[in-house]
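Engineer: Before we start, here is the structure in question, set down as C-alpha cells.
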Amino acid sequence: MPIILFDGVCNLCNQSVQFIIKRDPNGYFKFASLQSQTGQQLLNRFGLDNNLKTIVLIENEKIYMKSTAVLRIVGRLRGFWPILGVFRIIPPFLRDIVYQIVAKNRYRWFGKQDSCMLPFPGVKNRFLE
C-alpha cells in the first residue's frame with residue numbers, strides 16, 4: 001500500500017492531495033499528514049526527521065522524497081500525467097532545486113491552515129489516522 005505523507009497545514013499540499021485523489025480512482029495511494037500520529041510513526045520507522053517539510057512517498061518499503069516522489073506519484077495517475085515521468089532524465093539534484101524553491105515559498109504563495117485538513121466524505125478510508 002503506497003502512502004503519501006504530506007504537510008497537512010499547507011494549502012498547496014492539501015490541494016495536491018485532492019488533485020491526486022481525483023486522478024487515482026482505484027485508490028492506489030493512501031494518505032497521512034506529516035503532523036499526524038501515523039505520519040510521525042512512519043517517519044520514525046524509516047529513520048526520517050520528525051520535522052520533515054517535504055512530500056514523502058512510501059512505496060514497496062522504499063522512501064522517495066521531493067521531486068522523485070512527485071514524479072513517481074504522477075506516474076500512477078489517470079490521464080496524461082504519467083508523461084511527466086520524462087523529467088526523470090534530469091538528475092534529482094537539479095529537479096530538487098525547483099522543488100525546493102516551491103517548497104520554501106509554499107506558505108507565502110498558497111497560504112497555510114491552522115490545522116490539518118479533514119478528509120471529505122467518500123475518501124476518508126484513504127487517510128490513515
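Engineer: Considering Asn50, Asn44, which residue is without any contact (Cβ under 8 Å) to a residue 12 or more places away in the chain and under 19 Å from Cys10 (Cβ atoms)?
Structural biologist: Just a single option satisfies the conditions, and that option is Asn50.
Engineer: Another question, if that's okay. Test Tyr107 against the criterion of being touching a Cys at 6+ places or on another chain (Cβ under 7 Å), touching a residue at least 24 places away in the same chain (Cβ under 8 Å), of a type outside the set (Gly, Ala, Ser) and part of a helix (DSSP H, G or I), and give yes or no.
Structural biologist: Yes, satisfied.
Engineer: Assess whether Ile97 counts as being assigned to a helix (DSSP H, G or I), within 19 Å of Arg23 (Cα to Cα), free of Cβ contacts under 8 Å to residues at least 24 places away in the same chain and among the hydrophobic types (A, V, I, L, M, F, W, C).
Structural biologist: Here the answer is no, as Ile97 does not meet what is asked.
Engineer: Further question on the same structure: Please give the number of the condition Phe29 fails out of (1) more than 20 Å from Lys124 (Cα to Cα); (2) touching a residue at least 60 places away in the same chain (Cβ under 8 Å).
Structural biologist: Status for Phe29: all satisfied but (1).
Engineer: If you check Lys124, Lys66, which single one turns out to be within 16 Å of Ile4 (Cβ to Cβ), touching a helix residue (DSSP H, G or I) at 6+ places or on another chain (Cβ under 7 Å) and either among the charged types (D, E, K, R) or at pLDDT 95 or above (or both)?
Structural biologist: Lys66
The values are calculated or read from the model by the stated rules, or taken from the named source; none is laboratory data. If you're wondering where the values come from, they're calculated on a predicted model, not measured in any experiment. A quick note on method: Cβ atoms are made from the backbone with ideal geometry, for glycine too, and the neighbour counts reach across all protein chains shown.
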